[in-house]
Every structure is written in structure tokens, then in C-alpha cells.
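Please read the structure below before turning to the comments.
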């Protein structure tokens with residue numbers, strides 16, 4: 001059995017991924033980042049820009065539970081999580097294609113509720129449906145391909161972080177994971193059946209899990225839509241797998257390491273009512289390894305970092321660490337990230353984010369292991 | 001319960017499908033055809049062309065049976081059937097994104113065999129992988145989004161057929177359906193379990209079902225890559241749902257009707273060994289309603305039709321009928337197509353092609369009803 005990284009590498013090795021010859025000039029960036037970049041998108045202020053494309057599956061029982069999540073929430077999140085990949089690269093979302101398969105008994109009110117959620121997200125992000133495919137299937141499975149536009153040189157990638165660059169993250173981390181935990185284990189931490197917790201006091205907590213706020217404006221700002229009309233971030237990614245995993249993606253793509261400080265990480269606040277419950281919730285653990293926050297994690301050269309405001313478009317940004325040279329002692333598979341703890345000691349931080357093909361601890365991160 | 005057309009209309013009504021304002025100029029053609037057309041694709045001879053996008057799901061138990069179909073055949077067909085939508089619009093295939101979900105025990109040899117099939121199709125069509133997504137799931141489900149390029153004015157659509165235009169089809173129809181029938185019911189027509197029939201005499205018959213030959217060259221020829229550098233077809237579609245359904249799609253999009261002659265339709269030849277079996281196979285029925293041939297069905301104005309050779313790039317083309325004005329008596333849901341039988345009598349031809357949400361006769365058309 002292979003893990004996700006091995007599977008992806010196998011796919012890349014087996015299939016052609018380079019556009020060859022003179023005609024290959026159309027492909028600016030292929031596999032390996034949050035989205036691919038195709039040269040050519042008409043209707044840009046700057047003439048012809050780039051077209052960014054990314055695809056995401058959203059599967060019943062893996063990514064959502066129809067007996068718990070409302071059709072509207074499922075629809076909203078389906079488009080939001082796919083579009084977050086465009087936000088991470090600083091693109092403006094433009095369109096999407098919806099591949100939707102479902103049982104016949106979901107084609108009535110369930111479908112209508114689902115579409116309402118998708119429509120709400122589409123209007124919020126400024127996207128239009130341009131294509132799709134429908135099938136009958138025993139489970140609800142969908143696939144959303146999103147497209148966006150960007151100016152030729154304004155795309156943020158995972159590669160490009162340099163030693164000395166400062167590491168920032170938007171918002172607070174671990175909030176989506178905490179909301180999911182509340183559904184999976186209940187407010188008392190003892191529930192064995194996933195259930196939407198009753199009571200309005202949980203509403204705000206659940207919202208980050210149910211309807212993640214993606215960072216389109218921040219991505220565009222970092223890519224060049226700022227007072228200096230300059231690209232500010234040297235590398236960026238959205239936190240979909242969890243901080244430890246996503247920072248590792250930046251480090252791998254950029255060929256660097258990272259050091260982050262536990263005390264600086266903006267963590268989700270755990271309400272009193274949950275702090276006293278049986279199963280202990282650790283806000284740092286949630287922030288380091290919890291997935292689906294869809295915040296932006298980005299590196300900024302020190303000079304540019306001094307120009308950064310504390311919040312951008314209403315979103316707080318926090319400096320959490322620094323890019324360091326890649327450790328010479330680095331073994332294959334070992335961590336590229338050092339975590340400086342509250343007591344000042346430094347430990348390697350392994351990737352413990354979401355890997356759909358792993359079992360055990362990591363598998364706890366999404367609805368259904 | 002709704003049928004596929006109702007579901008698709010519901011989706012289009014619920015979601016934004018028009019790019020608004022000045023910026024909307026980037027969308028040349030949205031939902032409703034084989035592929036969407038985005039203005040802007042760099043690296044074209046003519047400067048900046050158009051980018052075509054289409055998405056297709058390919059699902060275990062619905063579109064293929066892993067206990068019968070080899071992983072290589074599944075991989076090849078997954079990309080071929082998606083790319084056929086680009087061929088239908090006269091585009092040059094360029095890239096694809098692969099969303100792939102599967103059980104952990106399929107990530108070994110099965111995945112490798114699957115990727116070999118995808119790679120073979122990708123090299124044949126000249127496409128590169130530019131993105132994707134992997135998940136663990138209890139079934140094999142995949143979604144392929146394909147992209148191609150075309151010159152600004154050279155795109156073939158379903159709309160545009162005019163009364164008087166002649167109707168052509170490439171190759172022979174019903175071949176893929178016959179191959180599938182052989183797997184589902186066996187050479188004797190009595191098998192209850194889908195099984196790959198033993199014996200090399202079936203190989204050629206099965207090939208059209210297992211590894212459909214898609215018509216990229218013909219599509220490009222019809223769109224303008226011909227001696228006259230002119231668009232030849234007024235409308236086109238690929239025969240994925242079956243002739244009766246796909247011709248109806250052209251008629252609906254073009255606001256016309258059609259008359260076709262049974263005696264002219266190039267039908268699959270049914271081998272002697274199958275003609276004598278219990279369950280009767282009717283080659284005309286297979287040609288009219290059998291799906292997945294991935295031939296091109298297109299309309300050509302009479303003047304241009306006189307210039308058409310009998311075969312284009314080695315693919316035979318056959319004139320099967322004529323576009324007629326839309327009948328005034330047409331009721332909602334009634335047929336837009338008249339079939340002139342072998343005896344000269346004319347009957348309405350209802351769409352009996354593949355509808356995943358219908359039951360009964362139509363549901364027989366794909367592996368698993």
C-alpha cells in the first residue's frame with residue numbers, strides 16, 4: 001500500500017507532464033502546485049493574462065456526511081475548497097465545471113439545496129458555471145474544476161521561498177478541525193456517532209468547518225493587487241492539509257527548511273465548555289495538524305515584510321517563523337520544519353496533516369477514516 | 001425522480017452561467033455544448049486562440065466493471081471519451097486534469113496498469129497532465145477535465161445547423177454497443193454475468209467498446225484544417241449517447257428538425273456467429289440507439305457538402321439525412337427526428353440513447369443499469 005505522496009509521484013512518472021516543442025510555450029506551470037497555469041486569458045486589463053486551473057474531488061463519507069452536513073453546506077464547501085487553490089496562487093476566480101454523481105433519490109430537494117449552496121459560493125467568489133457532467137451513482141461524488149485569471153507575472157507558487165524570508169499565516173488555525181471534532185465526538189467528547197451539535201453556542205465554532213472563508217482578496221493582494229503593484233510573497237499555499245503538511249509543501253517546492261515558533265502561531269480559541277470535557281483538546285495540536293482552514297500560508301522577503309500591515313482586507317496576518325536553509329542532515333522523509341516550543345527547545349515537526357491513504361492518527365482529521 | 005435533461009436544466013437555472021459586464025468577454029461559449037470556450041490560449045500560430053474545456057466522470061459499476069475491463073482499457077477509455085468532446089468541437093487536445101479516487105488495494109498493480117492506459121491515450125492525442133487530485137474511496141471513481149485549443153472562429157458547436165444542410169456521420173454506428181452486449185450477455189446471448197468473451201474472433205468486435213477511436217483529425221478538418229482553410233460543418237457532436245439522442249441534441253441547439261434514412265445509416269456488421277443466437281441483435285437498432293461510438297455526427301451546407309471526399313484522414317463519412325425546419329406540431333418532449341424506413345414509410349424517432357437517470361430499456365445501454 002502506498003501513501004498519497006507515493007501515489008502522486010507514480011502518476012507523474014507514468015504520464016506525460018511536459019508540453020514539448022515550440023507549442024509547449026502555452027504551459028507556464030504544470031503539475032505540482034495548487035493550480036496549473038496556462039498562458040492566455042483574454043479580457044485582462046493588461047491584455048492577455050494567464051488561466052489557472054485546479055481540480056478537486058468531494059466525496060460522500062470521505063469529505064462530507066450527508067446525514068450530518070446540510071446539502072447547502074456541502075454545496076458551498078465543495079466550491080469554496082476548490083477555489084481556495086486559486087486564492088493561494090493570487091488568481092481571480094472566474095469559472096468552474098461541476099461533475100456530479102448521485103443516487104436518484106438525491107435529485108429532488110437534496111439537489112436543490114445543494115445547488116443553493118453552490119450558487120451562494122459562486123456569487124460570492126464571482127464565478128460562473130461553464131460545464132459539467134451528471135451521472136447516477138450509489139453515492140454522492142463530485143468533482144469541481146475551477147478556473148481563474150492572473151496577470152502574467154503575478155502568480156504565487158509554492159516554490160520561491162528563500163532562507164531569511166519570514167513566514168506568515170492569515171486568520172487563526174485549527175478552527176475547522178475543532179468544528180469537525182465537535183461533530184464527530186460531540187461537546188462532551190464521548191459521542192460515537194457524528195451529529196450536528198444542538199445549541200446556538202456552537203454555531204460560530206462550526207461555521208469555519210461548514211462554510212470556510214477563503215482568502216481570495218488576500219491572495220490577490222500578495223500577488224500584486226496592492227499599493228505598490230508588486231508581488232509581495234515569495235511563496236504561498238492554502239492550509240488545506242494542515243500547517244505542518246502545507247508548510248512542508250512550500251519547503252519541498254522551494255528546496256528550503258523552516259523554523260516556526262509555537263508561541264506565535266495564531267490558534268483557535270477553545271471555549272470553556274469544551275476545555276473541561278473528557279477528551280482533551282490542544283489548540284496548538286489543532287493549529288499544527290488540523291486541516292481545512294483554507295487560510296493562506298506565505299513567505300515574504302524581510303524587506304517587503306516590513307511593509308506588511310497587521311491585517312489585509314480585514315484579515316489578520318501573523319508572522320510565525322522564518323525560512324532557513326535546507327538541513328544537510330535531512331534524510332528522505334524526515335521533517336524540514338523545526339518547531340520552537342513554549343520552553344524554547346527546538347524539535348522537528350513531522351507532517352501530520354491529512355493523507356487520505358494513511359491510517360492511524362492522521363486519518364482522524366476528516367469525517368470518515 | 002427527474003431525468004437527466006431535467007436535472008441539467010435545474011443545475012443551469014440554479015447557478016450563475018453568464019459572465020457579466022465588460023469582463024464577461026472572456027467567455028465565448030458556456031454551458032450547453034460539448035465543451036466550454038474561453039477566449040485566450042497562447043502559442044497558437046494565429047496569435048491567441050481559444051481554450052476549450054470539458055469534464056467527464058467515469059465511475060465503477062456505471063461506466064466500467066473492474067472485474068471485466070482491464071485497468072489499461074479503463075485508463076485509455078477514461079481519457080478517450082473525455083477528449084472526444086474536444087474532437088467534436090474541432091479543437092486540438094492539449095491537457096487534462098485527473099481526479100482519481102480508489103480503494104487502497106487498487107493503488108498497486110491496478111493503478112500502474114490504469115496509468116499505462118491513460119499514458120497511451122495521452123501520447124496518442126498529444127496531451128499532458130497538468131493537475132489532479134487523489135482520494136481514497138470504496139469505489140473507483142474518476143473525473144477527467146480536458147482542455148484543448150482552437151482558432152478563434154474555428155470552433156464547431158451543436159447550434160448552427162440550417163434546414164437543407166446535409167447530415168453526415170463518420171465510421172459505422174453500433175459497434176461499441178455490440179461489443180458491450182457481447183460482454184454483458186455472452187456470444188450465446190444467455191449469460192447473466194458480465195464476462196470478457198474468450199476467443200480471438202471477438203477481439204476486433206470488442207475493440208470499439210474497449211478502446212474507442214476518437215475523431216480528432218476529422219473534427220479539426222471540419223473546423224478549418226482543410227484545403228480551403230474554411231469551416232465546413234455548420235454543427236457537430238460526437239455520438240456518445242447514441243445517434244437518436246445526439247442528433248436530437250443538434251436539433252434542439254439549432255432549433256431545427258432532421259430526417260434520416262434507415263437504408264443510408266452505416267451500421268455495424270453483426271458476425272454470423274452472433275446472428276444465429278437466441279437474443280436477436282438488430283444492427284439498425286444498435287446504430288440508432290447504441291452509445292459510446294464516439295464518431296462525429298455533423299451537418300454541412302449543401303454547397304460545401306459537394307466538396308466533401310468520401311473519407312477524411314482514413315475515416316469514411318456517410319450522408320445519412322437532411323436538416324428540416326422544426327415541425328410546428330412539435331410537442332414538448334416529442335421527437336424532432338423522422339426516420340424513413342426501408343419500406344419508405346416515415347416514423348418519428350424518439351431519443352432512446354443513454355440517460356443515466358432513466359430506467360427500463362434505455363438503462364440497458366451501459367454496463368450496470
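Residue check: is residue B:36 surrounded by 23 or more Cβ atoms within 10 Å (Cβ to Cβ), in contact (Cβ under 8 Å) with a residue 40 or more places away in the chain and either touching a helix residue (DSSP H, G or I) at 6+ places or on another chain (Cβ under 9 Å) or under 29 Å from residue A:15 (Cα atoms) (or both)? So residue B:36 fails the test. Of the residues in the range B:55-65, not one is more than 10 Å from every other protein chain (Cβ to nearest Cβ), out of contact with any strand residue (DSSP E or B) (no Cβ under 8 Å at 6 or more places or on another chain) and either more than 22 Å from residue B:356 (Cα to Cα) or in a helix (DSSP H, G or I) (or both).
Restricting attention to the range B:272-284 and to residues that are assigned to a helix (DSSP H, G or I) and out of contact with any helix residue (DSSP H, G or I) (no Cβ under 9 Å at 6 or more places or on another chain), the residue that is modelled with the lowest pLDDT turns out to be B:275. Does residue B:86 fit the bill of being out of contact with any helix residue (DSSP H, G or I) (no Cβ under 8 Å at 6 or more places or on another chain) and either under 25 Å from residue A:60 (Cβ atoms) or buried (at least 24 other Cβ atoms within 10 Å of the Cβ) (or both)? No; evaluated as a whole, the condition is false for this residue. The single condition among (1) surrounded by fewer than 20 Cβ atoms within 10 Å (Cβ to Cβ); (2) within 22 Å of residue A:147 (Cβ to Cβ) that residue B:52 does not satisfy is (1). Considering each residue of the range A:323-346 in turn, none proves to be touching a strand residue (DSSP E or B) at 6+ places or on another chain (Cβ under 8 Å), within 28 Å of residue A:206 (Cα to Cα) and modelled with pLDDT of 85 or more. Where strands (runs of 3 or more DSSP E) fall wholly inside the range A:110-191, the ranges with 2 or more residues that are within 14 Å of chain B (Cβ to nearest Cβ), within 18 Å of the chain's Cα centre (by Cα) and crowded, with 21+ Cβ neighbours inside 10 Å are A:141-150.
Among the conditions (1) assigned to a helix (DSSP H, G or I); (2) within 11 Å of another protein chain (Cβ to nearest Cβ), the only one that residue A:97 does not satisfy is (1).
Taken together, the criteria place residue B:107 among residues that are at the interface with chain A (Cβ under 8 Å from one of its Cβ atoms), over 20 Å from residue B:292 (Cα atoms) and in contact with a helix residue (DSSP H, G or I) (Cβ under 8 Å, 6 or more places away or on another chain). Look at the range B:120-151 and say how many of its residues are free of Cβ contacts under 8 Å to residues at least 40 places away in the same chain and farther than 21 Å from residue A:102 by Cβ. Number satisfying all stated conditions: 9. If the condition is being more than 7 Å from chain A (Cβ to nearest Cβ), assigned to a loop (DSSP other than H, G, I, E, B) and modelled with pLDDT of 90 or more, then the range B:1-34 contributes B:32, B:33, B:34.
Checked against (1) facing another protein chain (nearest Cβ under 9 Å); (2) closer than 19 Å to residue A:153 by Cβ; (3) buried (at least 24 other Cβ atoms within 10 Å of the Cβ), residue A:44 passes all but condition (3).
The values are calculated or read from the model by the stated rules, or taken from the named source; none is laboratory data. Only a predicted model underlies this, so the values are computations on that prediction, with no experimental measurement involved. Here the Cβ is made from the backbone with ideal geometry for all residues, glycine too, and neighbour counts use every protein chain on show.
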